[in-house]
1. Among the residues of the range 115-134, is there at least one that is within 23 Å of HIS248 (Cα to Cα), in contact with a strand residue (DSSP E or B) (Cβ under 6 Å, 6 or more places away or on another chain), modelled with pLDDT of 95 or more and assigned to a loop (DSSP other than H, G, I, E, B)?
2. Test LEU132 against the criterion of being free of Cβ contacts under 8 Å to residues at least 60 places away in the same chain and open to solvent by less than 40 Å² (accessible area, probe 1.4 Å), and give yes or no.
3. I'd like to check which strands (runs of 3 or more DSSP E) are fully inside the range 27-90 and have at least 1 residues that are without any contact (Cβ under 8 Å) to a residue 12 or more places away in the chain and surrounded by fewer than 19 Cβ atoms within 10 Å (Cβ to Cβ).
4. Any chance the range 199-220 includes a residue that's assigned to a loop (DSSP other than H, G, I, E, B), modelled with pLDDT under 85 and in contact with a His (Cβ under 7 Å, 6 or more places away or on another chain)?
5. Out of the residues in the range 152-171 that are open to solvent by 70 Å² or more (accessible area, probe 1.4 Å) and not in a loop (DSSP other than H, G, I, E, B), which is farthest from PHE189 (Cα to Cα)?
6. Conditions: (1) over 15 Å from VAL133 (Cα atoms); (2) open to solvent by less than 40 Å² (accessible area, probe 1.4 Å); (3) in contact (Cβ under 8 Å) with a residue 12 or more places away in the chain; (4) not acidic (Asp, Glu). SER202 meets all but one. Number of the miss?
Amino acid sequence: MASSLFLCTFFILAVTTLTSPTAALILTLVNNCNYTVWPAIQPNAGHPVLAGGGFTLHTLTHQSIPVPDVHWSGRVWARTGCTYSGTAFSCASGDCGGRLQCNGAGGAAPASLAQVEAHHGNGDYVSYSVSLVDGFNVPMTVTPHEGKGVCPVVGCRAELLATCPSVLQHRVPAVHGPVVACKSGCEAFHTDELCCRNHFNSPSKWRESVYSNFFKHACQTKVTFAEENPLFRNQCSPPRGIKAIFCHGKDQPF
């Protein structure tokens, strides 16, 4: 491998902080894909599960979920290719242990991931980000609703499955099935260098790789790795809600 090829990275597309109003914050999940997705929500430790942790979301529909009025944080992703076989439920990407309602369980990589933290800090902030740390399965963006100030849409609108490098392709069934997701370098190769483990678990050794550059260039968004400046942050207020949009095309409204 060329000496200029960096080995270890961590993909964060953007992080934004905004101020929440006194009214309840609403998390709305929107499916603009031309296929059904099965969103999943996993709270961080100590926080309640929202909407049972997962549900079905048909094409061109949405579901709005009240966020607790106290500090809450968690992650959101889309599962794809989900099927029932008798009483068994499974998904081709993002599966959370073979259940429709994840009930706090995490999802299987690779999957595009949104992270949300509500009602934190003295300003009652809401922060959100979109990350490809766990790879990619659907285009995904996050935006505040009716926020004021610097309130960017963050995430990746590009459809990466068609251009995913062969070594990163996640196929179901394996080998000859269709590409349902695109792995991170860590997920594909499980090396200490790409997974930032052991000897490489140090900010001085965290670098971009050819694999992270694929996501960076395809999404035309910022990749932040640990030795760079602190995470890109913006502030806006007051949002009435946060929208996580699956398949947010370039010509589609926010």
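The values are calculated or read from the model by the stated rules, or taken from the named source; none is laboratory data. Computed from a predicted model, the values in this text were never measured in an experiment. Note: ideal-geometry Cβ built from the backbone for every residue, glycine included; neighbour counts use all protein chains shown. To get the accessible areas, we keep the full protein, side chains included, count just its heavy atoms, and leave off ligands, DNA and RNA. Shrake-Rupley method; radii C 1.70, N 1.55, O 1.52, S 1.80 Å.
1. No, the range 115-134 contains no residue that is within 23 Å of HIS248 (Cα to Cα), in contact with a strand residue (DSSP E or B) (Cβ under 6 Å, 6 or more places away or on another chain), modelled with pLDDT of 95 or more and assigned to a loop (DSSP other than H, G, I, E, B).
2. no
3. Of the strands (runs of 3 or more DSSP E) lying wholly inside the range 27-90, those with at least 1 residues that are without any contact (Cβ under 8 Å) to a residue 12 or more places away in the chain and surrounded by fewer than 19 Cβ atoms within 10 Å (Cβ to Cβ) span 83-85, 88-90.
4. No, because not a single residue in the range 199-220 is assigned to a loop (DSSP other than H, G, I, E, B), modelled with pLDDT under 85 and in contact with a His (Cβ under 7 Å, 6 or more places away or on another chain).
5. ARG171
6. It fails just one condition, (3).
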